[in-house]
Amino acid sequence: MSISKKICPVPFDQQPLNEYFALKASWFFSWSTLSLDKYCIKLFTIFVFIFIILMCSFVYIVSKTYSIWKLVILNIFIATFILLLIFVRLYLGWSYIVKRLISATIFYEESGWYDGQLWIKNPEALTQDRLVALYEVTPFLFRAKYGLIVSLALLFLEKIVYSLILF
């Protein structure tokens, strides 16, 4: 589905549509392409795995100085923060692809950082890229954005709960 070499001087790996397919096929970014129930199960599994690992290490290290409830809330806070970082990475990756697909001009490098070129997309390529960005990539971007918002809200809520438990 890439643009032919005759009309596109951009190297194959730097063409926005090919960057989209490569990102979609990667193991990390393919999570957001799953159906909503599988996506939520995957995120919940990651959260539980992080929580269990942190809980085992914190109980071993600081079990005598903190109560078990403070440790649980602290572990939930740290696991949610790690999920926040995951959502940030998903959002940044998908937003980069959307910007490259929507843009009418593409900056690319022929052989290194010192010889960048600018290619203006023809109308067919621009239409195709914008349709892909609008109908295929934007839902993944919104999913990452909503996950980011929810994890920020949870972090704020956990901070309030932790401060209430301290007193």
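The values are calculated or read from the model by the stated rules, or taken from the named source; none is laboratory data. Everything quoted here is computed from the prediction, not taken from an experiment. Methodologically, a virtual Cβ is constructed for each residue, glycine included, from the backbone with ideal geometry; neighbour enumeration extends over all protein chains shown.
Determine which member of the set Arg100, Arg89 is among the charged types (D, E, K, R), in a helix (DSSP H, G or I), touching a residue at least 40 places away in the same chain (Cβ under 8 Å) and touching a helix residue (DSSP H, G or I) at 6+ places or on another chain (Cβ under 7 Å).
On inspection, the qualifying residue turns out to be Arg100.
The set of residues in the range 110-125 that are at pLDDT below 85 and among the polar types (S, T, N, Q) comprises Ser111, Gln117. Condition (residue is touching a strand residue (DSSP E or B) at 6+ places or on another chain (Cβ under 8 Å), among the β-branched types (Val, Ile, Thr) and over 30 Å from Ser163 (Cα atoms)) applied to the range 9-30: is it met by at least one residue? For the range 9-30, residues touching a strand residue (DSSP E or B) at 6+ places or on another chain (Cβ under 8 Å), among the β-branched types (Val, Ile, Thr) and over 30 Å from Ser163 (Cα atoms): present. Ile68 meets each of the listed conditions (1) of a type outside the set (Lys, Arg); (2) touching a Gly at 6+ places or on another chain (Cβ under 7 Å); (3) surrounded by fewer than 14 Cβ atoms within 10 Å (Cβ to Cβ) apart from (2). Please verify whether Leu54 is closer than 26 Å to Gln15 by Cβ, surrounded by 16 or more Cβ atoms within 10 Å (Cβ to Cβ) and either among the aliphatic types (A, V, I, L, M) or at pLDDT 95 or above (or both), treating the condition exactly as stated. Considered against the rule, which asks whether it is closer than 26 Å to Gln15 by Cβ, surrounded by 16 or more Cβ atoms within 10 Å (Cβ to Cβ) and either among the aliphatic types (A, V, I, L, M) or at pLDDT 95 or above (or both), Leu54 comes out as no. Restricting attention to the range 105-133, and to residues there that are in contact (Cβ under 8 Å) with a residue 24 or more places away in the chain and either in a helix (DSSP H, G or I) or hydroxyl-bearing (Ser, Thr, Tyr) (or both), which single residue is nearest to Ile78 (Cα to Cα)? The residue in question is Ala133.
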